[in-house]
Every structure is written in structure tokens, then in C-alpha cells.
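Engineer: First the structure, which I've put down as C-alpha cells, then a few questions once you've had a look.
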Amino acid sequence: MKILFISRSGLFRDKGGDTVQLLQTAASLRELGVDVDVRLCDEIIDYAPYDLLHFFNIIRPADILLHIRKSKKPYLVSTIFVDYGEYEKKVRKGIVGMFFKYISSDAIEYAKVLARYFLKGEKIISREYIWLGQKRAVKKIMSNASMLLPNSHSEYKRLIAHYHCSAGYRVIPNAIDPQLFKNVNNEKIRDENFVICVGRIEGRKNQLNLIKSVQGSRFRLTLIGSPAANQASYFEACKIAAGTNVEFIDNLPQEQLLQYYSQASIHVLPSWFETTGLSSLEAAAMGCRVVITDKGDTKEYFEDLAFYCEPGSTDSIREAIERASEAGFSDTLQKKILREYTWQIAAFKTLDAYKIVLSNKGL
């Protein structure tokens, strides 16, 4: 079985959760004997050797349409269906923010594609996308896909409700590497006032409100992550708002995150939207208590074992951190993640989806 992964052109230049998901899934599939190649959407590709194409990020349909048309191969899509409409409408500043308040989330995504082309020279590889638009392009991809691979049932339900287009699917969980993020019982060395946030620094991840929420508190906050390429002004605002109890550390390899996950008592990810929150899974697997946004699909993963916050409210974020601190250590979430959300499990489920598609049995 030979599989081709195709993803956005900036996958390695502007790394995110999808970068980790793609690379870890590919590595785990290879361990199962699957031949997997990874290519970027703006590359010239020979499709002939591959049995299936596997795309990532359905909200970037311009990256997918051309390859579907040229390859004529069956394909699957890891949807990673994020919805940043609330952020774009409520938080985005300037003329762009005012414009976004009055258009749909699909129109916002379409405008962003055009902006990346005109302002940054980022190629729109599919001319078809220009006249189809965001919504019709996504629906075309969904309706012709052999299978969709969302990270949760919640994500799939949101996708179908938004586009009114059903498709066969299998849930492939987001996950952690249990060999790296091991079950550790080191509560004695944890600092109860030490709070971390691991993630790319950008408005959608909401670090500025997190910084404001710990101002004047007993908590020490360490933010680990590089600023997004187009968010220099947001990063500067974060640094200006930060008091002496806030530290910034650049993006770190997963291996180097271990010392922070093992020393902090709480990990906070107060994003405007998360399908899961990979760093929250990693932190929980290492024994951190987790404060996470209530926007998106997080409750399917963390159930009542995490502390939820409203990203637009600094009081809500602060209160969730306080509740997490007062709750003390419990290994229930830690055990759940190590039992149910590993890349090996994700790979087995992905391979099962490939077999279903190739056997033409359908769902």
C-alpha cells in the first residue's frame, strides 16, 4: 500500500498542530508497514505510484482541488475543521476586522486566500477555487471524498451542519507519543504556581488575554512558542502587557518540552477555537492539570476532567486557573489519554480507513 500525504505549502515553515499530526501519523503508519510519502500542495507531483491520496485541512480547499482533478485518485481528508469566525469578527482589529464583521466565515476564508496571494505572493494553485469560492469548493471536496477523517464526532457534526453535505467518515483521534510523554508521578517537584502555555503565539491562540489574566497574581506564566509569521504586532502587544511574572521561550522540539510539562502544575490553552489542542493532550499525559477553551471540540476529549474557560473573558481564564490550582492532582485524565489517544491508535484507525476505501466496501 502506497499513500501520498499532501498538505499546505507552509507546513514546515509555519509549523502548527497539523504539522505534528501529519508527521506523527506518517511515522506511525510506516511502523505498520505502510509506504507513506509527504508532499506540499505547491509541488509538482507524479501521482501514478500511489494507491490513495490523503489531504489535510479542509478549510484550505484551494490547496486540494487541483490535485483531485489531476490525479483522478481516490482520496481521504483529515478535515481539521477549525472555525475562527468568532475570533475574526470579535477580535480582529483595523479595517480588516471591521470588514470581517459583516461577512460569513466562508467569505472570510476566501478573502484571506486572496490576501495571501496579492500581499504575500502565495500562489493559488487551483484556478477553479477562484470562481467556486470557499463554500462550494469545500462541498465539492466533501462530496467526492472516499472518506473524511475528523478528529472527533463533534468536529464531523459541525462540518455537516455548516455545509449541509454528508459524507462517510471515521474519527481519527489527535494524539500523543506515549514513549515521549510518559506517565510520570512527580508531584513533589511541581511548582503549584507555575503555569505554562505551549502554542504558536497569535491572536487565535489568545495569549494576550492569558497574560492579562495572571497580572498581579501569584502565578508564574511561561509562554512557549514562536510568533506566527504575520503576527509581529500581536507578539509585541503580548510583551508589552507581560509583567515580571511572565516569561517567553521560543518554539521548542517536543523532547525539550518535557521538563516544562513535568515541572508546571497547570497548562492553559485559552484559544478562540480548538479541535483538540495537541499541547493540552501532551501536558495532561505528563500530569499537568489542563485549562482549555470551551470553544470547539475540546469537551469530547477532556470531558469533565479539564477546567474550561471563555476566551473573551480574562476573569473566566483567571477563575479556571484558580480552580485548577485548588483541585490538586488527579491521574484520571492522564490515564485516559495514555489509554485512548496515542499515535499508534490513530495509525491503526487510519490504516483501517484506507483498507475500507481500497476494498470499495464503503461504510
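Quick note: the coordinates plus some simple rules give every number you see, no bench work behind them. Because the structure is a prediction, the values reported are computed rather than measured. So basically every Cβ, Gly included, is an ideal-geometry build from the backbone, and we count neighbours across all protein chains shown.
Engineer: How big is the Kirkwood radius of the stretch 1-91, worked out from every pair of different alpha carbons and given in Å to one decimal?
Structural biologist: 14.0
Engineer: Continuing with the same structure: If you put +1 on each Lys and Arg Cβ and -1 on each Asp and Glu Cβ, how big is the dipole of the stretch 187-340 around its Cα centre, in Debye rounded to 20?
Structural biologist: The dipole magnitude comes to about 220 debye.
Engineer: Let me ask something else about it. Please list, in chain and number order, the residues 5+ apart from Ile292 or on another chain whose amide H is under 5 Å from its amide H, with Hs placed from the backbone.
Structural biologist: HN-HN under 5 Å from Ile292: Leu269, Phe307, Tyr308, Cys309.
Engineer: When N is the residue count of the stretch 187-340, what does its C-alpha Rg come to as a fraction of 2.2 N^0.38 Å?
Structural biologist: 0.94
Engineer: Please list, in chain and number order, the residues 5+ apart from Arg220 or on another chain whose amide H is under 5 Å from its amide H, with Hs placed from the backbone.
Structural biologist: Result for Arg220 returns Phe194, Val195.
Engineer: Considering the dipole of the stretch 187-340 built from charges on the beta carbon (Lys and Arg +1, Asp and Glu -1) around the Cα centre, which of Ser316, Thr244, Ile266 is farthest to its positive end?
Structural biologist: Thr244
Engineer: Restricting attention to the stretch 287-347, which chymotrypsin sites (Phe, Trp or Tyr not before Pro) occupy a DSSP loop and are surrounded by at most 14 other Cβ atoms within 10 Å?
Structural biologist: The qualifying sites are Phe329.
Engineer: On to the next question. Between Phe194 and Asp315, what FRET efficiency follows from the Cβ-Cβ distance if R0 is 25 Å, with the result rounded to 0.05?
Structural biologist: FRET efficiency, Phe194 to Asp315: 0.70.
Engineer: Moving on to the next point. Once amide H atoms are placed 1.01 Å from N in the peptide plane, what residues at a sequence separation of 5 or more from Tyr169, or on another chain, have their amide H within under 5 Å of its amide H?
Structural biologist: Under 5 Å from the amide H of Tyr169: Leu148.
Engineer: Relative to the present Cα-Cα distance, how much length would full extension add between Ser104 and Lys299 at 0.36 nm per residue of separation?
Structural biologist: Gain on stretching Ser104 to Lys299: 67.6 nm.
Engineer: To continue, here is another question. Go through the stretch 222-239 residue by residue and turn each phi into a ³J(HN,Hα) via Karplus (6.51, -1.76, 1.60, θ = phi - 60°); whole Hz please, and just put x for glycine and proline.
Structural biologist: Going residue by residue, I get 10, 9, 10, x, 8, x, 4, 4, 9, 10, 4, 5, 5, 4, 5, 5, 5, 5 Hz, with x marking Gly and Pro.
Engineer: Among Gln179, Gln254, Gln134, which one shows the biggest mean-square fluctuation in a GNM of the chain, springs joining Cα atoms closer than 10 Å?
Structural biologist: Answer for the Gaussian network model of the chain: Gln179.
Engineer: Using the Cα centre as the reference, give the magnitude of the dipole from point charges on the C-beta atoms of the chain (Lys, Arg: +1; Asp, Glu: -1; all else neutral), rounded to the nearest 20 debye.
Structural biologist: Result for the chain is approximately 1140 debye, rounded to the nearest 20.
Engineer: Sticking with this structure for a sec: Can you put Ser9, Ser104 in order of Cβ neighbours within 10 angstrom, beginning with the fewest?
Structural biologist: Ser104, Ser9
Engineer: Continuing with this model, one more query. Can you bin the chain into rounded, prolate or oblate? Criterion: square roots of the alpha carbon gyration tensor eigenvalues sorted a ≥ b ≥ c, rounded for a/c under 1.5, prolate for a/b above b/c, oblate for the rest.
Structural biologist: Judged from the Cα gyration tensor, the chain comes out oblate (a/c at least 1.5, b/c at or above a/b).
Engineer: Going by the alpha-carbon gyration tensor, a ≥ b ≥ c the square roots of its eigenvalues, is the stretch 135-244 rounded (a/c under 1.5) or, if a/c is not under 1.5, prolate (a/b greater than b/c) versus oblate?
Structural biologist: It comes out oblate by the Cα gyration axes.
Engineer: Out of the stretch 298-363, which GluC sites (Glu not before Pro) are coil in DSSP terms and have no more than 14 other C-beta atoms within 10 Å?
Structural biologist: Of the GluC sites (Glu not before Pro), the ones in loops of the stretch 298-363 whose Cβ has at most 14 other Cβ atoms within 10 Å are Glu303.
Engineer: Just rank Thr244, Thr332, Thr79, Thr342, fewest to most, by other beta-carbon atoms within 10 angstrom.
Structural biologist: Thr244, Thr332, Thr342, Thr79
Engineer: Helix 127-144: angle to the longest alpha-carbon principal axis of the chain, degrees 0 to 90, nearest 10?
Structural biologist: It is inclined by approximately 90 degrees.
Engineer: Another question about this same structure. What trypsin sites (Lys or Arg not before Pro) does the stretch 193-260 have in DSSP loop regions with at most 16 other beta carbons within 10 Å?
Structural biologist: The qualifying sites are Arg218.
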